[in-house]
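Below: the structure, in C-alpha cells.
The values are calculated or read from the model by the stated rules, or taken from the named source; none is laboratory data. Just so it is clear, the model here is predicted, and its values are computed rather than measured. A quick note on method: Cβ atoms are made from the backbone with ideal geometry, for glycine too, and the neighbour counts reach across all protein chains shown. These accessible areas exclude ligands, DNA and RNA; they are computed on the full protein's heavy atoms, side chains included. Shrake-Rupley method; radii C 1.70, N 1.55, O 1.52, S 1.80 Å.
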Amino acid sequence: MTDLHRRKALSLLGGGMALLAGCSESSDGNGSGTDDEGNEDDSDQPVGDLPSYASVLPTNERSAYFYGAIDVNTMNTLLDDEGAEAGQEPTDPLVANPVVVALLCSFGLQQLGTSAGRDAYLGNNETADGEEQFVYADGVYALVGSYDRDGLATDLESGGYTVESEGDAYVVYSDGESDEIVGVSGDVYAYSYTSGSDSDFDPVAAVERTVATAAGDREPKHEADEAFDRLLRAGENGGIACCLYTDSDEFASETLADDQASDEDSLQFEFGTFERSYGVHQQLAVTGADSAATASAVVTYSSEELVDRARLESALGTEAETVDFVTTGSTVEIDAEYGGEFATE
C-alpha cells in the first residue's frame with residue numbers, strides 16, 4: 001500500500017488545518033443492509049442517517065453535483081506524523097479520490113488562514129470540540145458548526161467587509177481587497193473568491209445559496225432530490241467523504257473527465273471507473289494507532305442492466321489488503337481495508 005498521506009494529505013493539510021482545534025469521533029455510516037444472498041432490496045427506501053452537514057448542501061441549476069467533506073478527527077490524525085517523508089502517489093481511486101478532497105479542503109483552509117476574516121472566524125467559533133466539519137460544495141468552502149453570527153457580522157464589518165445580501169438569519173459580505181466572499185449564519189461560516197472564478201460561476205450567489213440553505217430559507221439538495229438523499233444515507237460519512245452525482249440516468253462523459261480539483265503535483269480525481277452510473281459516494285477513514293485505514297463506496301445505476309461490477313472490481317481496492325463487493329439490484333457497495341503501511345513505511 002502506498003504511503004499516500006505523507007506527501008499529499010499530511011504535508012498540505014498541516015498549514016491550513018492547524019487553524020482548527022479539538023478532535024471528534026467519526027460518525028458511523030449506514031449501508032443498505034442487503035447482500036448478494038438474495039435479501040430484500042431496499043434500494044428505493046431511505047435507509048440510514050444523513051451526514052450532519054446535509055442541511056448545508058444547496059441545490060443549484062446544474063445536472064452534475066459534487067461535494068467533499070472532512071471531519072476534525074481526521075484532520076488531527078493526519079497531523080500526528082508531521083515528520084513523515086514523501087511517499088508514492090495513490091493509484092487506487094478508493095483512496096485517491098478522498099485524498100484529493102483532503103487537499104482541496106487544505107487549500108481552502110490555507111486561504112482562510114491568510115484572509116482578513118480569519119480572526120473573525122476564530123473569535124466567534126462556538127463549536128463544541130470535535131463537532132466541526134469542513135465541506136466543499138457548489139464552489140464554496142464551508143465550516144459547519146456553531147457560530148456567533150452577530151459577533152461575526154460586527155468583526156467582519158469592522159475589518160472592512162461590505163454587505164452584499166442578507167436574510168433574517170444570514171448575511172453575505174465581500175472584501176474588495178482580497179476578492180473574498182463570506183457568508184455567515186448561526187451554523188455556517190462559508191466563503192469563496194471572485195478572483196480565478198470562471199465566467200459561469202457567481203461566488204456571491206453560490207455563498208448565499210449555502211448560508212440561506214443552512215438557515216432554512218432554501219430547500220437543501222437532499223430534500224429536493226430523493227435519489228441524492230438515498231445515496232447520502234447509503235454512504236458512510238466519517239473521516240473524509242466525497243460524492244459525485246447527476247440527476248440524469250448516467251454521468252455525462254465530460255463530468256467523469258472533469259478534474260474537480262488537483263494539486264500542483266497533478267494528483268487528480270479519478271471517476272472514470274464509474275461510467276454508466278449516476279451516483280457514487282466514497283468514504284475514507286484512518287483508524288487505530290497504526291494508522292490503518294478503511295475505505296468504502298456506494299455506486300448507483302439507473303437499472304440493473306447498467307451495473308458493471310467487473311469494471312469496478314478491476315479498478316477499486318487494488319491497493320487494499322481485503323476488499324468486498326456487494327451487488328443489490330442496481331447498487332454496488334464496496335468495502336476495503338488497508339494495513340498500517342497506509343501511513344508508515
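Taking the condition surrounded by fewer than 24 Cβ atoms within 10 Å (Cβ to Cβ), under 30 Å from S277 (Cβ atoms) and of a type in the set (K, R), does R118 pass?
Details: surrounded by fewer than 24 Cβ atoms within 10 Å (Cβ to Cβ): yes; under 30 Å from S277 (Cβ atoms): no; of a type in the set (K, R): yes.
Judged against the criteria, R118 is not a match.
Within the range 239-252, identify whether any single residue is within 18 Å of V101 (Cβ to Cβ) and open to solvent by 20 Å² or more (accessible area, probe 1.4 Å), and answer yes or no.
The answer is no; no qualifying residue exists.
Please determine whether any residue of the range 207-226 is outside any helix (DSSP H, G or I), of a type in the set (A, V, I, L, M, F, W, C) and on the phi < 0 side of the Ramachandran plot. Talk me through it step by step, then tell me what you get.
Going residue by residue through the range 207-226, those that are outside any helix (DSSP H, G or I) are 215-220, 225.
Now restrict to residues that are of a type in the set (A, V, I, L, M, F, W, C): 215.
Now drop any that are not on the phi < 0 side of the Ramachandran plot, which leaves 215.
Looking for residues that are outside any helix (DSSP H, G or I), of a type in the set (A, V, I, L, M, F, W, C) and on the phi < 0 side of the Ramachandran plot, one finds at least one in the range 207-226, hence yes.
In the range 171-196, what residues are among the acidic types (D, E) and open to solvent by 10 Å² or more (accessible area, probe 1.4 Å)?
Within the range 171-196, D175, E177, D179, D187 meet the criteria.
Consider G108 carefully, then state whether it is open to solvent by less than 20 Å² (accessible area, probe 1.4 Å), in a loop (DSSP other than H, G, I, E, B), under 21 Å from A214 (Cα atoms) and touching a residue at least 60 places away in the same chain (Cβ under 8 Å). Before you say what the answer is, go through the steps one by one.
Values: open to solvent by less than 20 Å² (accessible area, probe 1.4 Å): yes; in a loop (DSSP other than H, G, I, E, B): no; under 21 Å from A214 (Cα atoms): yes; touching a residue at least 60 places away in the same chain (Cβ under 8 Å): yes.
No, not satisfied.
Would you be able to say whether some residue in the range 155-170 is surrounded by 18 or more Cβ atoms within 10 Å (Cβ to Cβ), assigned to a helix (DSSP H, G or I) and among the acidic types (D, E)?
Scanning the range 155-170, I find at least one residue that is surrounded by 18 or more Cβ atoms within 10 Å (Cβ to Cβ), assigned to a helix (DSSP H, G or I) and among the acidic types (D, E), so the answer is yes.
Within the range 287-294, can one find any residue that is hydroxyl-bearing (S, T, Y), out of contact with any His (no Cβ under 6 Å at 6 or more places or on another chain), in contact (Cβ under 8 Å) with a residue 24 or more places away in the chain and part of a strand (DSSP E or B)?
Checking the range 287-294: at least one residue is hydroxyl-bearing (S, T, Y), out of contact with any His (no Cβ under 6 Å at 6 or more places or on another chain), in contact (Cβ under 8 Å) with a residue 24 or more places away in the chain and part of a strand (DSSP E or B).
Looking for something within 30 Å of E333 (Cβ to Cβ), of a type outside the set (D, E), open to solvent by less than 20 Å² (accessible area, probe 1.4 Å) and part of a loop (DSSP other than H, G, I, E, B) - is there at least one such residue anywhere in the range 124-138?
Of the residues in the range 124-138, the ones within 30 Å of E333 (Cβ to Cβ) are 130-138.
With of a type outside the set (D, E) added as a condition, the list becomes 130, 133-137.
Then drop every residue that is not open to solvent by less than 20 Å² (accessible area, probe 1.4 Å), which leaves 130, 134-135, 137.
Filter again for part of a loop (DSSP other than H, G, I, E, B), leaving 130.
Yes, the range 124-138 has at least one match.
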